[in-house]
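Shown next, in structure tokens, is the structure this report addresses.
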Amino acid sequence: MKLIIQIPCLNEAETLEIALNDLPKHIDGIDEIEYLIINDGSTDNTVEVAKNWGVQHIVTFKKNKGLAKGFMAGLDGCLRAGADIIVNTDADNQYCGADIEKLVRPILEGKADIVIGERPIDQTEHFSPLKKKLQHIGSWTVRVASKSDIPDAPSGFRAYSRDAALRLNVTNQYTYTLETIIQAGHDKIPMESVPIRTNPELRKSRLFHSMFGYVKKSMVTIIRSFMMYKPLRFFGGIGAVIFLLGFILGIRYLVFFFSGGASGHVQSLILASTLMMMGCMTGIIGLQADIISANRKILEDVQYHVRKLDYDSEKKEQ
């Protein structure tokens, strides 16, 4: 059983060694532990620090491509290196390395394929009250969209079984954390959450420059993912609301019509007809999107089997 711990890096020379030193060297049930960094266009000596420490695998981007692409490139590198379990953590030592054992335990016991670390958000001192509130709201929204019970959706401290990693796709350019939970919930991949500890902040987050930007990008990611994986529910719900508004206005006009006072309410009839047609059209869009979603599911299954053949053949050669 091989575990590979992957770490996305962007100019992390000052903190990378601290994070690496905190990682476990042995876990019961794991035969091999290896390490991989994703060098996401670093301009400092991050790669040299990793090599000097003894990191076995390095994935390098010549130009910064962002956390989402870096995450997927890391999964690709881990799978090609024969990983049975992949753990993702941060280079700023945000998470307690000893808790990696908590993450991999449900996978080793066959209880889950994805395990996400739940941070003590309310007890984290460097989180502002607004950020704590937004974290809870965002996680609740993801739980609704994914029909899961993951309490800390933005957490990047997580473990994946080989099978789960083979199934994952990230299409947004911002972050993988929210979309992968929604996808896993849609595909009914077993997920669990375990409480984990965090370390004192070594540097400010580079994922977002303002709270407004973080909220905006997160909401766009959640809505886009919901549209992809639950299109009929998304467009059908919007269409039903629009149609209902038009229907209510139509009933209102009929009341005036039968009471003999409809002459001054023709605008209501026009608006009611327009809204009802818009509602029906939105519903039709939902049906079309649902058909596209079904085709996407078929393509995902094909991609899974192609990936499995490709990566498993490389694993056998090692």
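Listed values, structure above:
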| item | result |
| --- | --- |
| Accessible solvent surface per residue of the stretch 147-302, calculated while the other protein chains remain in place, 1.4 angstrom probe, Å² | 54 |
| Gain on full stretching of the segment that runs from TYR304 to VAL255 - 0.36 nm per residue minus C-alpha separation | 11.9 nm |
| Charge dipole (debye, nearest 20) of the chain; +1 at Cβ of Lys and Arg, -1 at Cβ of Asp and Glu | 1360 |
| Protein accessible area in the stretch 209-292, 1.4 Å probe - carbon and sulfur % | 79 |
| Highest average packing first - 185-195, 153-163, Cβ atoms within 10 Å | 153-163, 185-195 |
| Relative pair counts by distance (%), Cα atoms of the stretch 1-52, 10 Å bins | 24, 51, 21, 4 |
| Isotropic mean projected area of the C-alpha convex hull, the stretch 42-135 (nm²) | 8.3 |
| Ordering of 305-317, 33-45 by burial proxy (mean other Cβ atoms within 10 Å per residue, highest first) | 33-45, 305-317 |
| Restraint check, LYS133/LYS188; LYS131/LYS216; LYS132/LYS216; LYS2/LYS147; LYS2/LYS102; LYS69/LYS315, Cα-Cα greater than 20 Å | LYS133/LYS188; LYS2/LYS147; LYS69/LYS315 |
| Full-extension gain in nm, LYS62 to GLU314, via 0.36 nm per residue minus C-alpha separation | 88.2 nm |
| Within the accessible area of the stretch 93-145 (1.4 Å probe), percent carbon and sulfur | 54 |
| Partner aspartates and glutamates for LYS65 [C-alpha distance under 16 Å; skip if fewer than 8 residues away on the same chain] | GLU12, ASP40, ASP76 |
| Volume per residue that the Cα convex hull of the chain spans, once the total is divided by residue count, Å³ | 158 |
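The values are calculated or read from the model by the stated rules, or taken from the named source; none is laboratory data. Remember, it's a predicted structure, so these values are computed and weren't measured experimentally. Please note: Cβ atoms are built from the backbone with ideal geometry, for glycine as well, and neighbour counts cover all protein chains shown. Heavy atoms of the whole protein, side chains included, go into the accessibility calculation; ligands, DNA and RNA do not. Shrake-Rupley method; radii C 1.70, N 1.55, O 1.52, S 1.80 Å.
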